[in-house]
1. Within the range B:1-33, list the residues whose amide N lies under 19 Å from a label point set 7 Å along Cα→Cβ of B:R335.
2. Return, ordered by residue number, the residues of the range B:207-222 whose backbone nitrogen is under 19 Å from a label point located 7 Å along Cα→Cβ of A:T231.
3. Take B:W398, A:W33, B:W363 and order them by how many other Cβ atoms sit within 10 Å, fewest up front.
4. Select from A:F144, A:Q170, A:M189 the residue farthest towards the positive end of the dipole of the range A:132-208; place +1 on Cβ of Lys and Arg, -1 on Cβ of Asp and Glu, and compute about the Cα centre.
5. Work out from phi, with θ = phi - 60° and the Karplus expression 6.51 cos²θ - 1.76 cosθ + 1.60, the ³J(HN,Hα) of each residue of the range A:99-115, listed in order in whole Hz, and give x for Gly and Pro.
6. Taking 25 °C and 0.890 mPa s as the conditions, I'd like the Stokes-Einstein D for the range A:205-287 in µm²/s, using the Kirkwood hydrodynamic radius from alpha carbon pairs.
7. What FRET efficiency do you get for B:S156 and B:D255 if R0 is 56 Å and r is their Cβ-Cβ distance, rounded to the nearest 0.05?
8. May I ask which residue of B:S98, B:T46, B:A84 lies farthest towards the positive end of the charge dipole of the range B:28-98, with charges of +1 (Lys, Arg) and -1 (Asp, Glu) on Cβ and the Cα centre as origin?
Amino acid sequence: MKILFHIIKIVRAEIRSNLWILAELFVVFIVLWVMVDIFTRQFQVYHQPVGYDTEHVYQAIISHRSKEAPSYVKYDDDGTSVARDYQQIVAQIRQHPDVEVVSISSYSEPYTFSCMNSGMQRDTASQSVTARQHLVTPAYFRLFDIHTAEGDAPETLAEKLPQEGMIISQNLAEKLFKATSAVGQYVLMGNDSVRISAVCETLRNDEYNEKLIYAYFNPLSLQKYAEEGATEEDYADLALLFRIRPAADSRDYAHHFLQEMRTRLQAGNLWLSDVKSYEAIRYNFLANSEEASSQKLLSAVGAFLLVNVFLALIGSFWFRVNLRREEIGLRMAVGASRRSILGFTFLEGLMLLTLAALPALVVCFNLVVLDLVPTATTDARLLRFGWVSLATWCLLACTILLAIWYPARKATHIAPAEALHYE
Amino acid sequence: MYWKLYIKQAWNLFKQNRFFSAIYVVGTGLAISMVMVLAVVYHIRTANIAPESHRARVCYLSDTSYKADEGNMQFQSNLGERLAREVFGSMQTPEAVSLSTNPNVIGRFGQEIFVQVPGGDDSPRVSYRACNAGFWRVFDFSFIDGKAFTEEEFQSGVRTAVISRSLARRLYHKEKVAGETLLLNDVAYRISGVVEDVSSLFPNAYAELWFPYTASIYQMGMNVAQEFRFACGHLEAVILMRQAKDFPAVQQEFDEAMKRFNTTLTEGKAVTPPLERSSFTISGIAQKDIYIAFALLTVLFLLVPALNLSGLNASQIQGRLEEIGIRKAFGASRRSLFMQVFVENLVLMLPGGVLGLLFSFVWVHGFKDILLTHDLWTLVLGVNGNNFLTAGMLLDPWVFVVAFGVCLALNLLSSWVPVWRAVRTPIVNALNM
């Protein structure tokens with residue numbers, strides 16, 4: 001304890017040269033605190049379950065020939081021929097020996113920006129909730145391995161989908177009915193009352209997606225599509241996904257599949273133009289996301305600040321050690337060991353950091369109180385504040401120790417006699 | 001002057017205190033690299049770099065809206081073919097006008113193009129531009145083989161195309177393919193030329209395939225019936241002026257031509273925003289805000305490291321007060337002492353500057369998506385695939401001059417105070433050390 005007061009005295013005695021370091025540490029501490037807060041939160045969000053399993057999943061991109069092309073096949077019927085062409089392509093993919101599941105969906109896939117939303121409410125008096133519609137075939141649940149809220153196999157959901165009513169996600173059930181078991185209940189969509197046929201696990205669009213999506217599922221029927229007179233463009237808009245046997249998967253499977261199936265997957269004006277691995281789609285989506293960009297930029301700024309803290313401390317401690325040769329010599333002459341001198345200098349650096357951190361933490365705490373930095377639940381706030389503050393302190397402490405180490409070591413290697421001789 | 005001596009001495013000091021020097025060099029390098037990133041980004045986004053070699057004397061028009069006289073109907077989109085042809089065709093002041101589709105926009109309309117060599121089995125989707133002959137005069141492409149299509153070919157709608165080097169390689173496994181036939185969605189085109197690849201960092205010129213829009217396989221709005229499609233379509237205009245100061249005259253002539261065009265419309269009116277000069281934006285942030293941000297960042301990136309480095313300098317000079325005292329005792333002027341430290345620091349700073357420049361290239365490469373994309377959607381959707389950097393973008397005399405200037409500024413800022421204090425130390429005190 002005594003030594004701490006002694007260090008405080010030294011810090012005070014050199015207040016003029018310390019002022020700049022304190023000011024810099026103060027500012028850098030706040031900036032780093034906010035960054036650590038953002039990074040840890042993003043890390044937590046990233047590692048929460050997404051609900052979708054994209055492994056071994058591929059997307060077959062079906063393109064359509066433009067009407068202006070000379071090879072365009074002109075059909076005179078109201079869409080039955082196009083429907084036949086599309087179903088022929090789907091059947092061909094399904095028959096491929098590697099393929100386990102084939103799913104068709106419309107604007108309902110994870111790792112995309114396109115979605116369809118609509119509102120629903122429990123009754124006319126309650127608040128309306130906006131949920132994302134998933135227009136899918138039953139195979140969708142098996143493809144992405146989506147379980148029921150109770151953890152039952154995807155097949156259960158696949159069975160329920162074509163039946164009357166709709167499937168909703170667990171978080172939507174909780175939002176609407178304050179309970180997970182919502183099967184058999186009814187919700188209002190516009191003027192229709194719709195029965196809940198099953199509840200599936202909570203889903204997210206992607207790893208960075210912080211707000212869980214409220215999801216509901218309706219069956220997509222190709223037959224209905226055909227009856228409505230869907231055109232080539234409509235069919236090309238659908239997402240045709242398939243999962244292959246894990247044993248058959250390889251790094252460039254998409255390319256091989258395209259090479260192998262290109263000629264077979266042509267029917268009328270529809271044709272297979274590309275095959276994409278869903279893992280690649282996921283990777284690209286995450287890499288291009290705003291979060292990934294801001295992480296990169298923030299890391300660069302953080303590194304720049306840490307380098308500056310390093311330079312500031314190494315500079316001033318070098319200066320100080322040079323000035324204090326007499327003092328250090330005297331200490332050593334009176335019997336201080338090298339290690340204690342080193343420790344003493346380190347302590348001085350850490351003391352500076354702590355002195356700067358205290359007012360900085362007041363600012364950070366106010367940021368939390370004023371909700372300027374988003375935090376998780378209210379009760380976890382204080383604990384989180386402590387963790388983040390400690391992590392920031394440690395990060396800066398490491399930088400400071402690294403910066404002080406060389407000048408301090410140099411100081412301890414002065415022969416006491418030589419140091420004393422200056423006096 | 002003792003320049004040679006100073007430099008020699010600095011070199012010896014450098015060798016004597018390797019650790020200090022290494023820290024100093026790396027520290028300055030990082031500090032300089034941050035400012036250099038700003039300079040390089042500014043350079044890439046605004047300088048005249050081929051193919052956008054005339055950024056200083058071009059202006060742009062990409063949007064128009066059409067308002068019907070009756071009802072509330074209003075359309076907004078890129079320029080219609082007829083508007084572009086009649087308005088820009090009548091203008092005399094500009095040197096050339098480029099009209100072309102935008103690959104990013106046209107993709108959203110589902111107007112995809114797949115190319116294929118007759119009999120080949122590879123048919124990739126390509127990024128293309130349907131353009132006029134003026135495009136090749138406004139932008140500066142380097143042809144490896146063949147040449148661009150001519151005004152006559154454009155006027156008569158000849159099916160001819162220019163492709164990029166890498167597309168030629170991919171499809172034909174060779175580069176000199178002028179005269180060969182290429183299928184665009186099954187329609188045969190003759191390749192008139194092959195150009196060097198263009199980076200998608202040139203948003204006005206980038207594509208892999210170019211052909212006359214008069215020969216497009218998609219409807220370009222040339223023979224349309226509805227009047228709103230006279231004004232609204234898929235084209236974007238880049239106007240090359242003879243001199244930058246022609247801008248007001250071009251704008252005036254354009255306004256008159258628009259007035260004439262509007263007299264030919266009977267059901268509504270086309271309204272265009274004013275022509276735009278080349279501006280500096282990052283990820284869709286407006287030029288004014290970017291300039292303010294850049295100014296603040298430059299000050300921050302220079303000042304903070306300078307203050308920190310000055311601490312390092314002070315410690316260095318502290319150890320040399322004896323030397324300074326002796327030199328002063330023998331009659332050295334403050335000026336020459338100052339110059340000595342200044343030159344010594346500069347000798348340390350220059351390798352730092354070179355390092356900083358190299359660091360900045362690494363930064364820019366690593367952050368090119370964020371720093372060099374002109375609008376946010378291109379970034380988030382990841383459609384800026386081909387945004388490679390070339391030596392021409394990074395290595396430029398101007399960039400080197402800025403790098404040296406930054407070195408000098410950082411040096412002055414960081415050595416001024418410590419040297420000033422050291423030089424003013426009374427001789428007796430200094431000698432006493």
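1. B:1-6
2. In the range B:207-222, the label zone of A:T231 (backbone N under 19 Å from the point 7 Å along Cα→Cβ) covers B:217-222.
3. Working: B:W398 11, A:W33 27, B:W363 20.
The fewest-first ordering by Cβ neighbours comes to B:W398, B:W363, A:W33.
4. A:M189
5. Each residue of the range A:99-115 in turn: 7, 9, 9, 10, 10, 10, 8, 10, 6, 10, 9, x, 6, 9, 9, 7, 7 Hz.
6. Working: Rh = 15.9 Å.
Once the numbers are plugged in, D ends up at 154 µm²/s.
7. Working: r = 31 Å, r/R0 = 0.56.
It comes out at approximately 0.95.
8. About the Cα centre, the residue reaching furthest to the positive side is B:T46.
Bear in mind that the values in this text are calculations on the coordinates, not laboratory data. In this text the structure is predicted, and so the values were computed from the model without any measurement. Every residue, glycine among them, receives a Cβ derived from its backbone with ideal geometry; neighbour counts consider all protein chains shown.
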